[in-house]
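Below is one structure, written out as structure tokens; comments come after it.
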Amino acid sequence: MTLHSSFMRRRESSFSVLGWIPAVAGMTIMAISLFFAAPALADSSLPPSYWANRQLPDPAQEAKAKALMEELRCLVCQGQSIADSDAELAGDMRDLVRRRIAAGEKPAAVRAWLVERYGDWVSYRPPSEPMTWPLWGAPLLLLAIGAVLASRRIARRRQS
């Protein structure tokens, strides 16, 4: 038996189907464990911000902060205000709002700072600017077009 023929036999046997089964099983188990481990790694191990879930000692300041938090959108949840959201970023934003209100800032100034940092989308009350007028007018225009089309169709049916 030559060296070449013994090498070829080992090479052929190493590429058999049975040789691949343990490797495929190992990769499958690794993929499944990474899939289930991902949500656990997504949570932060940091404690929540101090004022994230506490109220300010001054009831008037807390009322201002609470009213402002109801008007700010959670950037993670997108459908909730930061007052209602359990997201960590929403807690940080609640802490920021309470700290700034406690320091004597007006809610409008806090809102302006957040809008400057995160954009108009963070506020549930977007500004009415010439650039956003088509967004406000489009529903009315579509309703008017629908009413005209419906009235024409009804008029045609009456004539026939």
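Below are the figures for this structure:
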{"read-out": "Residue match in the stretch 126-143 (condition: of a type outside the set (G, A, S), crowded, with 16+ Cβ neighbours inside 10 Å and closer than 24 Å to Q78 by Cβ)", "value": "no"}
{"read-out": "A108 loosely packed, with under 10 Cβ neighbours inside 10 Å and either of a type in the set (A, V, I, L, M) or part of a loop (DSSP other than H, G, I, E, B) (or both)", "value": "yes"}
{"read-out": "Identity of the residue in the stretch 92-140, of a type in the set (G, A, S) and at pLDDT below 90, that ends up nearest to K64 (Cα to Cα)", "value": "S123"}
{"read-out": "Lone unmet requirement of (1) in contact with a Leu (Cβ under 8 Å, 6 or more places away or on another chain); (2) in contact (Cβ under 8 Å) with a residue 24 or more places away in the chain for R99", "value": "(1)"}
{"read-out": "Qualifying positions in the stretch 52-67 - part of a helix (DSSP H, G or I) and either closer than 15 Å to D92 by Cα or touching a Phe, Trp or Tyr at 6+ places or on another chain (Cβ under 7 Å) (or both)", "value": "A65, K66"}
{"read-out": "Test: residue in the stretch 91-99 that is in contact with a Cys (Cβ under 9 Å, 6 or more places away or on another chain) and either over 22 Å from N53 (Cβ atoms) or not β-branched (V, I, T) (or both)", "value": "yes"}
{"read-out": "Residue within the stretch 42-56 that is crowded, with 16+ Cβ neighbours inside 10 Å, modelled with pLDDT of 90 or more, out of contact with any Ser or Thr (no Cβ under 8 Å at 6 or more places or on another chain) and not acidic (D, E) present", "value": "no"}
{"read-out": "Answer residue from the stretch 68-80, given it is touching a strand residue (DSSP E or B) at 6+ places or on another chain (Cβ under 9 Å) and in a helix (DSSP H, G or I) and is surrounded by the fewest Cβ atoms within 10 Å (Cβ to Cβ) among those", "value": "E70"}
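The values are calculated or read from the model by the stated rules, or taken from the named source; none is laboratory data. Computed from a predicted model, the values in this text were never measured in an experiment. Glycine also receives a Cβ, built like all others from the backbone with ideal geometry; neighbour counts cover every protein chain displayed.
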